[in-house]
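Each remark here refers to the structure printed beneath this line.
The values are calculated or read from the model by the stated rules, or taken from the named source; none is laboratory data. It should be emphasised that the depicted structure is a prediction, and the values quoted were computed from it without experimental measurement. For neighbour counting, all protein chains shown are included, and Cβ atoms are generated from backbone atoms with ideal geometry for every residue, glycine included.
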Amino acid sequence: MASGSQPLPMTASRHGALAGAAAIPGDKSISHRSILFGGIASGTTRVTGLLEGEDVLNSVKASRALGAAIRKEGASWIIEGTGNGLLLEPGEPIDFGNSGTGCRLYMGLAGAYDFETTFLGDASLSKRPMGRVVDPLKLMGVQVLDSREGCRLPITLRGPRVAAPVEYAVPVPSAQVKSAVLLAGLNAPGITTVIEKVMTRDHTERMLAGFGAHLEVETAGDGTRTIRLEGQGRLSGTDIQVPADPSSAAFPIVAALIVPDSDITLANILMNPARTGLITTLIEMGGRIDILNERESGGEAIADLRVRSSDLKGVSVPGARAASMIDEYPVLSVAAAFAEGETLMEEVGELRVKESDRLAAVAAGLKANGVACEEGGDWLRVTGTPGGRGLGGAGSGDIPPVATHLDHRIAMSFLVMGMASERPVMIDDVSPIATSFPQFVPLMRELGAELG
């Protein structure tokens, strides 16, 4: 939501079955990285299928501020990169709005350069801790010239004259931290090594290889991954087709599972194993999700999905799966609210440092709509009500609307809940959805949802 604008409440109501085919927008993680890598590659990069939400458009602005020339031609984005090691010092602070991914990736990229860069964000992003990214950058010689208490935005970084390559073991599973260190390593001589005990989404590694970086990945028997990147190499522009975002697809998928008699098809969904934890979990719960036409595009696995309404059952979601579905726990919690029995989500403390404290926000939203749940420091237990009997009601009578806390995934999750619950569900602000999935409301209406 833009600074100073008024909240826009929205209500979702049970209306009937969802049906038809929907085109999910491009994957946000790959969209961010396409713009970033295109901006530092030599030559031309052409990107099609880019997610044109506010978060990714802020990455476009960031790459322009660092010297890349970027324009849109029809359905494609054309990027003329600076070349690796040749970024320009930005003339003013770079504002990432609500985008934690964009901010942290560009902190790694620009932070290792011998100039000052100031990173800004909206009220929500400014509450999120950045120390987990800054700490390894300090080991490479990056200075923090200014920041708010707790290493929060605004933050001003200055890189060393020559960045030092490091070997860094990521303390908690985080694709953003891993990526920030690798991006800083692009501007450091020698080999930068990142070690992760739990695999996180590997789009950065795949895209580095696609742009011509010298990179190797080793996976040990216990699953520990060691990524070695040779710094100061040449990156060459390329063509990128962005697949559909599985995190965005999560909302119509869950909606179709819990709205009776629904039958929808979603095409070209990214099926990278590091991103399919939600689909795995929903199938374990009894969800009828057919994976069709599996294929590969640009080094990434994709497929079409057919999703039909299902009788779901509660499950225990192992903590080891969290890295592959961390953004999907809010909408999984909604699915759990309609399942028979209990669903336990463990080792999800990472949710507390997202766009909001998502664990607290989800628990509060569920309780406001009559769902029995318990929240712990890093876990959530939801007791479902098959058919949604008695559920809903937030925003009616003396019950306030669901508080979204400027968080797009909280907003979309509880609108999905209202599509299947006995009583309508109101959220306090639909505006944050524009950061990641601006087509959400019209797409769901086309499938048959009642949103107003």
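Out of curiosity, is V402 touching a Phe, Trp or Tyr at 6+ places or on another chain (Cβ under 8 Å), crowded, with 20+ Cβ neighbours inside 10 Å, farther than 30 Å from N272 by Cα and without any contact (Cβ under 8 Å) to a residue 40 or more places away in the chain?
Yes.
Table: residues versus (1) within 30 Å of L50 (Cα to Cα); (2) charged (D, E, K, R); (3) modelled with pLDDT under 95.
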position: A372; (1), (2), (3): no, no, no
position: E375; (1), (2), (3): no, yes, no
position: L380; (1), (2), (3): no, no, no
position: G388; (1), (2), (3): no, no, no
position: S396; (1), (2), (3): no, no, no
position: P401; (1), (2), (3): no, no, no
position: V430; (1), (2), (3): yes, no, no
position: F440; (1), (2), (3): yes, no, no
position: L451; (1), (2), (3): yes, no, no
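Within the stretch 216-249, being surrounded by 18 or more Cβ atoms within 10 Å (Cβ to Cβ) and of a type in the set (A, V, I, L, M) holds for I227, L229, L235, I240, V242, A244, A249. Of all residues in the stretch 28-58, those satisfying the criterion of being over 19 Å from I94 (Cα atoms), outside any loop (DSSP other than H, G, I, E, B) and among the aliphatic types (A, V, I, L, M) are I30, V47. Can S316 be described as more than 17 Å from A249 (Cα to Cα), surrounded by fewer than 24 Cβ atoms within 10 Å (Cβ to Cβ) and of a type in the set (G, A, S)? So S316 fits the description; yes.
I'd like to check something: does the stretch 79-92 contain any residue that is surrounded by fewer than 16 Cβ atoms within 10 Å (Cβ to Cβ) and over 18 Å from I40 (Cα atoms)? Scanning the stretch 79-92 turns up at least one residue that is surrounded by fewer than 16 Cβ atoms within 10 Å (Cβ to Cβ) and over 18 Å from I40 (Cα atoms). Here S147 meets each of (1) in contact (Cβ under 8 Å) with a residue 40 or more places away in the chain; (2) outside any loop (DSSP other than H, G, I, E, B); (3) surrounded by fewer than 24 Cβ atoms within 10 Å (Cβ to Cβ) with one exception, condition (1).
Filtering N268, N272 for residues that are farther than 20 Å from L415 by Cα, surrounded by 15 or more Cβ atoms within 10 Å (Cβ to Cβ) and either in contact with a His (Cβ under 8 Å, 6 or more places away or on another chain) or not assigned by TED's automatic domain parsing to the domain that holds M412 (or both) leaves a single hit, N272. Scanning the stretch 348-370 for residues that are modelled with pLDDT under 95 and of a type outside the set (S, T, Y) returns G349, E350, L351, R352, V353, K354, E355, D357. Looking across the stretch 289-310, the residues that are under 20 Å from P330 (Cα atoms) and in contact with a strand residue (DSSP E or B) (Cβ under 7 Å, 6 or more places away or on another chain) come down to I289, V307, S310. Every test in (1) in contact with a His (Cβ under 6 Å, 6 or more places away or on another chain); (2) crowded, with 24+ Cβ neighbours inside 10 Å is passed by E450 save one, and that test is (2). Being in contact with a strand residue (DSSP E or B) (Cβ under 8 Å, 6 or more places away or on another chain) and hydroxyl-bearing (S, T, Y) holds for only one residue in S76, S99, and it is S76.
Which residues, taken from the stretch 395-432, are of a type in the set (A, V, I, L, M, F, W, C) and within 11 Å of M10 (Cα to Cα)?
V402, A411, M412, F414, L415, V425, M426, I427, V430 - these are the residues of the stretch 395-432 that are of a type in the set (A, V, I, L, M, F, W, C) and within 11 Å of M10 (Cα to Cα).
So is S174 surrounded by fewer than 23 Cβ atoms within 10 Å (Cβ to Cβ), at pLDDT 95 or above and hydroxyl-bearing (S, T, Y) or not? When the stated conditions are applied, S174 does not pass them.
Matching residues to (1) touching a Pro at 6+ places or on another chain (Cβ under 8 Å); (2) hydrophobic (A, V, I, L, M, F, W, C); (3) under 30 Å from G185 (Cβ atoms):
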residue: P243; (1), (2), (3): no, no, yes
residue: A250; (1), (2), (3): no, yes, no
residue: A256; (1), (2), (3): no, yes, no
residue: S262; (1), (2), (3): no, no, no
residue: N268; (1), (2), (3): yes, no, no
residue: M271; (1), (2), (3): yes, yes, yes
residue: G277; (1), (2), (3): no, no, yes
residue: T281; (1), (2), (3): no, no, no
residue: E294; (1), (2), (3): no, no, no
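Restricting attention to the stretch 267-284, the residues that are part of a strand (DSSP E or B) and within 26 Å of Q176 (Cβ to Cβ) total 3.
Being in contact with a strand residue (DSSP E or B) (Cβ under 6 Å, 6 or more places away or on another chain) and among the β-branched types (V, I, T) is the filter; apply it to the stretch 145-165 and report the residue that is nearest to D357 (Cα to Cα). Ranking the qualifying residues of the stretch 145-165, first place goes to I155. Taking the stretch 151-265 as the region of interest, the strands (runs of 3 or more DSSP E) fully inside it that hold 2 or more residues being touching a His at 6+ places or on another chain (Cβ under 8 Å) are 225-230. In the stretch 354-395, the qualifying residues are those that are touching a residue at least 40 places away in the same chain (Cβ under 8 Å) and hydrophobic (A, V, I, L, M, F, W, C), and the one that is surrounded by the most Cβ atoms within 10 Å (Cβ to Cβ) is V362.
Looking at G67, G38, G53, G49 in this structure, which one is without any contact (Cβ under 8 Å) to a residue 40 or more places away in the chain, small (G, A, S), crowded, with 17+ Cβ neighbours inside 10 Å and in the same structural domain as T101 (by TED's automatic domain parsing)?
Being without any contact (Cβ under 8 Å) to a residue 40 or more places away in the chain, small (G, A, S), crowded, with 17+ Cβ neighbours inside 10 Å and in the same structural domain as T101 (by TED's automatic domain parsing) holds for just one of G67, G38, G53, G49, which is G67.
Restricting attention to the stretch 118-149, the residues being modelled with pLDDT under 95 and among the small types (G, A, S) number 2.
Taken together, A169, A180, A175 contain a single residue that is under 22 Å from N98 (Cα atoms), out of contact with any Gly (no Cβ under 8 Å at 6 or more places or on another chain) and touching a residue at least 12 places away in the same chain (Cβ under 8 Å), which is A175.
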